[in-house]
1. How many residues does the range 390-417 contain that are out of contact with any Leu (no Cβ under 8 Å at 6 or more places or on another chain) and at pLDDT 80 or above?
2. Restricting attention to the range 169-192, which residues are surrounded by fewer than 18 Cβ atoms within 10 Å (Cβ to Cβ), of a type in the set (A, V, I, L, M, F, W, C) and assigned to a strand (DSSP E or B)?
3. Which one of these is more than 28 Å from residue 8 (Cβ to Cβ) and either modelled with pLDDT under 50 or of a type in the set (Ser, Thr, Tyr) (or both): 95, 126?
4. Can you tell me which residue within the range 33-64, out of those that are over 30 Å from residue 297 (Cβ atoms) and assigned to a loop (DSSP other than H, G, I, E, B), is modelled with the highest pLDDT?
5. Taking residue 387 as the residue in question, decide whether it is out of contact with any Cys (no Cβ under 8 Å at 6 or more places or on another chain) and either among the small types (Gly, Ala, Ser) or at pLDDT 90 or above (or both).
6. Just to be sure I understand the filter: pairs with C-beta atoms under 6 Å, separated by 6 or more residues or on different chains, first member in the range 289-305 and among the acidic types (Asp, Glu) and surrounded by 12 or more Cβ atoms within 10 Å (Cβ to Cβ), second member part of a loop (DSSP other than H, G, I, E, B) and modelled with pLDDT of 85 or more. Which pairs pass?
7. For residue 284, are the conditions met, namely being over 30 Å from residue 344 (Cβ atoms), aromatic (Phe, Trp, Tyr) and in contact with a helix residue (DSSP H, G or I) (Cβ under 7 Å, 6 or more places away or on another chain)?
8. Run down 166, 151, 160 and say which single residue is touching a residue at least 12 places away in the same chain (Cβ under 8 Å), aromatic (Phe, Trp, Tyr) and in a strand (DSSP E or B).
Amino acid sequence: MRYSVPHAGQRYFLTGEEPLGRLNAFEEIGEFFQTGDASMKTTFVAKFIPIPSGTPIESSVSLDGSRKAITFPIPALTKGQEYALQIVRRWVPSAGITSQRASTLSLGGITSSNTKKTGQIQASVALAPPSDIIVHDRPQHAPVPGTVTAYNEHLLYLLYFRTSTYSTLTEKIGAMKWSRTDDTKYWDVYEAVTPVFQADEGFDFYDINGYVQHEAEGDKQADPLVRVDVPSPTEGWYANWVKKGVYKHIIDLQVAGLWHVDPPLQDNGFALIQIGAQGPFGSFLTKPDGLLSPPVPPAPPTRFGMSFGSLSGTTLRLTEMREFKFRYIHPEIIPVDYVNLRFAAARVLWEYTNGETEVDGSDLYGKDGWMNQNGGWLQTLCAGDLNAYAAKYQGMTGGTYVLSFIYGPKMSWDGKGPWIKKNFTFGKVTQSTLFKTTLVRP
């Protein structure tokens, strides 16, 4: 399989985000979904079986046009519940065909039964599966939960997953509560800003790290299911300082063809003319929760009539609030562009003083008028040494800032949504001590 929906071992499956289940292979799988003998009506079903026990919920399976994938509607599932997802082939015997159960059943759960034709169905003869169906019949040992099929079913695929206690990512993010914002300032310029939230449910490996998509030519890493970003900041610090004091000048240099900096632009959320480093400009700092472990058979009853079954932590719901940290990246990388802006300005002034406006083929050739209009701010940026220039940098100011979340399959790379906004508060930092950390609390 290339991938599945739900994913195998997924701990927080959001049923409201994924209305359609899917198994996608890199080879044709149509041969597994043939109707077979005309004497038997064959159907294919997705069975959602609650773990450790409960009534299965069924959904019809369809083979898509590529014959490399099957799809099935996700039914209404219980929130916070572990499920076994079975894909089964089911036979319905036609009139005139009966099967009789073999007299001996293996302890391993596999049996072979011969079939015989009669003129009519006889009520006294128990129906048994055709010869190629697995029967999970373990008279001495209880079966692994989720592996049992009916007598007329053939198990084609099996995976385990757990539903989230929330239907959508909007509900899940909405339930998170801002706790504090950690701010570590480096050398008066660089800031590591860490919003901290509390929530009663985490994010699993697929949410944060993505998943490995198996391809015929080799494995490929797929994007995370949940992305955190800051696609278009509009707070006062950006409007009053970042755009005016940094990126307006960078854009002026880009338009004039005078922005030649290596490494390239770090934060192109403000200067979009040059394609530099792409986002995201936010990320998870908290490690993901592990994947769901498959269940194990319950222990046999003891001689005293008590049973100590296998208790898997995967079926327990942790109700206490937990901390989740996020990385707010803009204040880390804007200073890089700020420093590079001075280097670019100094280079332009050096070329101008060396008469490059008169040299055919130079960057400044024919740009005397541009230099007359922009020479003032170029000289202001280059006045004094680099330390004096860095001291003029204005760090994040106090106020409310926004993290944005989006569910992977609905990804909108142009930043137009549907983004889920989550506010956090940042306190104004007046200290300039190296590695000085401040905390802002509600």
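1. 15
2. 192 - this is the single residue of the range 169-192 that is surrounded by fewer than 18 Cβ atoms within 10 Å (Cβ to Cβ), of a type in the set (A, V, I, L, M, F, W, C) and assigned to a strand (DSSP E or B).
3. Answer to the selection: 126.
4. Out of the qualifying residues, it is 64.
5. Here the answer is no, as residue 387 does not meet what is asked.
6. Short answer, once both residue conditions are applied: 289/11; 289/202.
7. yes
8. 160
The values are calculated or read from the model by the stated rules, or taken from the named source; none is laboratory data. None of the values given here were measured: they were computed from a predicted structure. All Cβ positions, glycine included, derive from the backbone under ideal geometry; neighbour counts span all protein chains shown.
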